[in-house]
Structure formats: structure tokens, C-alpha cells
Amino acid sequence: MSIIKRRGHMCLTLPERKSVIIETTPRYKKAKKRQKIIILDEFCKLTGLTRNYSTWILRNHGKKIILYNNNQRTVVIGDVRNKRNISKRPPVYKKNIIEKPLIKMWEISDYLCSKRLVPFIRNNILSMNKKLMYSKQVYELLMKISSATIDRVLQSEKKKYKLKGRSTTKRGKLIKGQIPIRTFSDWNDEGPGFFEIDLVSHDGGKSSGDHLFTLNVTDISTGWTVPRAIKNKAQVWTVEALDLIIKSLAYPMRGIDSDNGSEFINHHLIKYCEENKITFTRGRPYKKNDNCYIEEKNNSVVRKTVGYCRYEDKAQLTMNQLYTYMSSLINFFQPSMRLISKTRIGSKIIKKYDQPQTPYHRLLNNSKINDVTKKRLKSILKNLDVLELNLNVKRLKRKLDNLAEKL
């Protein structure tokens with residue numbers, strides 16, 4: 001016999017409650033307003049039901065409703081009945097089975113969001129399972145797991161602190177008129193080869209003295225990202241690092257877009273772009289959204305990889321080694337999503353994204369990339385192992401932490 005619980009109290013059993021309702025309903029319906037208040041108080045205290053629900057029961061119990069369906073007359077009488085017992089489906093993704101393997105995959109992917117983690121797992125688990133040796137059950141669960149389930153399983157693991165850095169950009173005033181302005185809406189249909197560039201400071205909160213910077217470069221069309229550490233923000237080091245990045249790319253760079261910092265707005269970089277037939281544009285002053293693609297990568301790639309500590313000259317080699325492994329991991333193995341459309345309906349903005357893909361797959365699917373380049377990219381991928389890249393990134397991160405200047 002089931003016990004009815006209301007408001008945290010042990011109350012009457014269901015048959016007992018039915019008998020109380022049967023006895024109370026006639027008195028309640030015949031009573032006047034003041035008497036109804038007294039009857040309702042006693043009824044709520046006895047049954048443990050809420051006042052609103054109690055009034056609904058006492059008004060409708062025994063009430064006859066006549067329904068007509070296909071000229072057939074049906075009489076329905078209100079009554080209190082047992083709630084239907086709904087059998088619960090046993091959980092498919094048991095936490096004790098799936099949690100540790102999923103956390104491991106999340107760490108290997110460099111902590112991707114759930115929607116990007118799903119294609120990462122499905123693209124790489126077959127090759128990784130040779131070393132990880134997951135059981136058949138775990139393998140099958142990981143292959144069909146959804147982003148919502150990942151969020152639910154990893155909920156306790158995703159409590160991270162967010163830090164915010166400072167801008168060290170200084171305006172280049174002398175030759176801004178020679179460089180055309182580009183807004184964030186341009187270049188969308190130009191295809192691969194147009195890059196946004198930016199410098200990220202590693203001053204640790206103390207901007208005086210020489211310290212390392214990261215020149216970060218990302219392709220607007222595919223998301224292909226290559227960072228490189230430089231000694232300081234001098235124009236000569238910026239141009240030299242950009243030249244090394246261009247030579248490492250599998251396809252030609254056709255254009256660059258920067259902010260208005262003096263490290264970019266100078267004669268050295270203009271001359272370099274003219275000699276190499278690279279279109280050079282800049283964003284509007286104080287409009288960060290003009291460089292939204294690179295600003296996003298500054299956080300998700302550079303800050304996430306090396307953090308906010310101060311690094312000086314002795315850490316440059318280690319940082320560049322770290323970036324070499326990190327670039328391969330990001331460009332060949334980590335899926336990303338691109339914004340397709342953004343629609344405003346009143347005060348609500350609806351955004352639609354494409355299916356998560358790696359920059360490597362975006363290049364393979366692009367008709368403007370020739371077969372020679374695609375063949376070269378495929379040969380590079382054959383020599384890469386996502387687990388080895390992940391281990392090297394972790395090893396160099398620990399080494400870089402030891403080289404950080406303690407302020």
C-alpha cells in the first residue's frame with residue numbers, strides 16, 4: 001500500500017485519502033464561504049496537500065461531465081486515482097563506465113567543447129584505440145555519444161577559471177593612409193589564403209622591459225592557425241616571423257589583415273607585402289570585431305596553450321617548439337565551427353553554425369585548393385599521431401612553466 005507524501009510529511013495512504021475526500025466533498029460543496037475556509041484548513045492539514053490542489057479536488061470530485069462522440073453519450077465522473085507507474089529506462093551511458101574514457105578523450109582533444117569533441121572522437125578513436133585499448137562496449141558508446149550526453153557526463157570537470165588579459169597595442173600613426181580599411185564582413189567569399197594577424201603579449205602584467213610576443217596568424221576561410229613566438233614587438237622580428245609562417249604554409253598567402261598597431265603599420269611590412277604580392281588591409285581603430293577571427297584564436301589557441309605568465313628571451317625556443325606541435329594538433333585534428341548566418345528577431349539573435357570540421361578537412365573540401373596541395377596535406381597527416389602530439393604539448397607546457405618569470 002503506497003504512502004502519499006506531500007510537503008515533506010508522511011500523510012495518508014491513497015485509500016485513506018479517498019475516503020477523506022468522499023466524506024469531505026459534500027460538506028464542502030454545501031458550506032458557505034467562511035465554513036469552507038475552516039473545512040479546507042482541516043483537509044490540508046490532514047492530507048498534506050497544497051491549498052490550491054485541495055480546492056480543485058473538492059470542487060471536482062464526483063462531478064459528472066457528459067461527452068458526445070459519434071452520437072454516443074458518455075458520462076465521466078471525477079475521482080482520485082492511482083498515478084500510473086512509468087517504468088524508467090536503464091541508463092545507456094553509465095557514469096562508472098564512460099566517465100574516465102570520455103575525460104581522457106577530452107584531455108587529448110585539448111578540452112574542446114562538446115559539439116567539436118563529437119567529430120574529434122569519431123575521426124580519431126580508431127587510431128587512438130590501438131594504444132588506449134578501450135573495451136568494445138566503451139568504443140561503441142564513444143562512437144555514438146551525443147554532445148548533450150558529453151555535457152552531462154563532463155559537468156563536474158568543466159569548472160574552470162577564466163582570466164582576461166590586457167591590450168598592449170599602440171597605434172601606428174604615420175602611414176595608415178596607405179593601408180585600406182577592411183571590416184569583418186569582407187573577404188567571406190575569397191576562399192583560402194586570406195589571413196588575419198595579431199600580436200599577443202606575454203608580459204605577465206608587467207609591460208616594462210623586453211618580453212616575448214606571439215605573432216598569431218589564422219585563415220579566415222578555413223581556420224588554419226599558425227602562432228610563432230618573437231623576442232619583442234620590433235618591426236624586424238614581426239616581418240621575419242611572418243616570413244617563416246608563410247614558408248611553412250601548404251598553400252600561398254594572398255592577403256593579410258591586421259589591427260592598427262605600430263608593429264604592423266610600418267614601411268617594413270608594406271614593402272614585404274608589395275614584394276610578395278600580398279594584399280595588406282587593416283581594421284578600423286577601436287573596432288575589435290573587424291578582427292574577430294584572430295581575436296577568437298588569441299584566446300582559444302595562444303592563451304589556452306601558454307597562459308598569462310611573463311616569458312622572456314630564454315623561453316622563445318621552447319615556446320616555438322610547443323607551437324609547432326600545437327599547430328599540427330589544431331589544424332589536423334581539432335574540429336571547429338563557422339558561423340553561417342545571424343538573424344535578429346526582436347531582441348533575440350538566432351545564430352546558425354555549420355557542421356564541425358578540422359581546417360585540414362575544410363582545405364580538402366575546397367575547390368580552390370589544387371590536387372598537389374591536397375596530396376601534400378594527406379602525406380603530412382599520415383606522419384602525425386594525435387596521442388604523441390598531445391604528449392609533446394604537455395611535456396613542453398611543463399617546461400615552459402618552469403621558464404616563466406616569477407613576478
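Read-outs: derived from the displayed coordinates by stated rules, not from any lab. Computed from a predicted structure; not experimentally measured. Cβ coordinates were reconstructed from backbone atoms using ideal geometry, including for glycine residues, and neighbour counts include every protein chain displayed.
Worth a mention:
- Base-10 log of normalised Debye intensity for segment 355-402 (one unit scatterer per alpha-carbon) at q = 0.29 Å⁻¹: -1.02
- Set of segment 293-320 residues, backbone N closer than 18 Å to the point 7 Å along the Cα-Cβ line of Lys206: 308-316
- Inter-label distance for Asn365 and Glu99, nm, one decimal - labels placed 7 Å from Cα along Cα-to-Cβ: 3.5
- Radius ratio Rg over Rh of segment 95-157, counting only Cα atoms, Kirkwood formula for Rh: 0.91
- Proximity of backbone amide H atoms, modeled 1.01 Å from N, is registered between Gly62 and Gly78, Asp79 at under 5 Å, excluding neighbours fewer than 5 places apart on the same chain.
- Exposure proxy ranking, count of Cβ atoms within 10 Å, fewest first, for Val92, Val20: Val92, Val20
- Shape annotation for segment 252-324: C-alpha extents along the principal axes are 33, 27, 24 Å, from largest to smallest.
- Set Lys29/Lys64; Lys115/Lys158; Lys104/Lys394; Lys130/Lys374; Lys233/Lys304; Lys30/Lys63 screened for pairs whose C-alpha atoms are more than 18 Å apart: Lys130/Lys374; Lys233/Lys304
- Segment 104-145: trypsin sites (Lys or Arg not before Pro) in DSSP loop, at most 10 other beta carbons within 10 Å: none
- Considering every alpha-carbon pair of segment 176-403, the percent of pairs per 5 Å bin, from zero through the bin containing the longest distance, is 1, 6, 13, 18, 19, 17, 13, 8, 3, 1, 0.
- Looking at segment 290-331, the chymotrypsin sites (Phe, Trp or Tyr not before Pro) that sit in a DSSP loop and have at most 16 other Cβ atoms within 10 Å of their own Cβ are Tyr308.
- Simple label model, 7 Å out from Cα along Cβ direction - Glu274 to Ile38, nm: 10.2
- A cut-off of 5 Å between modelled amide H atoms, ignoring neighbours fewer than 5 places along the same chain, links Arg310 with Gly204, Glu405.
- Over segment 95-157, relative contact order from alpha-carbon pairs under 8 Å, at least 6 apart, %: 51
- One chain, two ends: Glu405 and Leu381. Fully extended at 0.36 nm per residue, the span grows by 5.1 nm beyond their Cα-Cα distance.
- Largest-first principal axis extents, alpha carbons of segment 277-407, Å: 50, 42, 35
- In segment 297-379, trypsin sites (Lys or Arg not before Pro) in a DSSP loop with at most 16 other beta-carbon atoms within 10 Å: Arg338, Lys368
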